[in-house]
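Report on the structure given below.
The values are calculated or read from the model by the stated rules, or taken from the named source; none is laboratory data. Keep in mind it's a predicted model, so treat the numbers as computed, not measured. Don't worry about glycine lacking a Cβ; one is built from the backbone with ideal geometry, like all the others, and counts go over all protein chains shown.
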Amino acid sequence: MSGAAAGMPDGAGHAIVTDEIGLASAVIGDVHLRTGYRPLFARSGDDLHPVAVEGLVTRWRNGRALDPGGLDWGADAVRRANRLGQILSIRNMANIGTDAPLGLLMRWDGAVEAGQDAGLLLAEAEGAMLDPRLMIVLAETGTDAMHDPMRRWRDAGASIAVSDLGGMEAVVAHGLADLIRMDASWLSDQMVDSGAWRLLRVAVDRLREAGIGLLVDRVASPGDLQAALAISADLMQGPHLAAPFRVGTVFDDAPRPVAAAGTVVRLFG
């Protein structure tokens, strides 16, 4: 079964294809797009629980994975592939196979056609019976043009995360942010400087007073994880916690003991 994705820009031929077991993939020209997910964890007591996943897209040609940087695509084709990847992430959430519903994080640079993107993806979520309240939209730009689409996401029930604090003050001031994304390596650097860490804790306390939580990204080492736990991150993800997995493979959603996180134990294939 196949069909064109509504709202896609003109250009090379594209289609979304669903196989016999319900996995959705897409084709742009001779490139095949497939869905992967990266788990996000929240701490509960002595355990880290997978509570959400980030949607990823991988590109294939003739059965071989492609380096995105090696594709000779223009800006429109890249944007088309990214949007198709987001659509696939939404449609394939039903194929992860966990008992408890997981949230879905999408990185979203909607600086161009931001309103159209929001409407398209919300329509996809409705069609896939994915509750928008389970969606986390990571806005990677904070321009004024993004504010109305961000409100549209918020009005639908989605949470908004913004990348760091640089350039995002207006977003926070307008009450549009639910989470602030922080890079784990930067966070661990702050931890070794007592003065910087003290100032950061004050800033984080103010964010929490405003109802804004923390998403710590790219946790790549035990030190990164220590910093994320010390700052009481609400969500955390990265290669030290779990590798991405392909949709259609077994997803082990068992809690991971915090005490075991001193070494990298791959719970997700």
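Values as computed for the structure displayed
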item	result
Hits in segment 68-107 - residues which are under 17 Å from residue 135 (Cβ atoms), outside any loop (DSSP other than H, G, I, E, B) and among the aliphatic types (A, V, I, L, M)	87, 88, 90, 93, 94, 104, 105, 106
The one condition in (1) surrounded by fewer than 18 Cβ atoms within 10 Å (Cβ to Cβ); (2) under 28 Å from residue 234 (Cα atoms); (3) modelled with pLDDT of 90 or more that residue 17 fails to fulfil	(2)
Some residue of segment 244-253 being modelled with pLDDT under 90 and polar (S, T, N, Q)	yes
Pair list, Cβ under 8 Å, 6 or more apart: segment 7-32 residue more than 21 Å from residue 249 (Cα to Cα) and of a type in the set (Gly, Ala, Ser), other residue assigned to a strand (DSSP E or B) and at pLDDT below 85	15/2; 15/3; 29/14
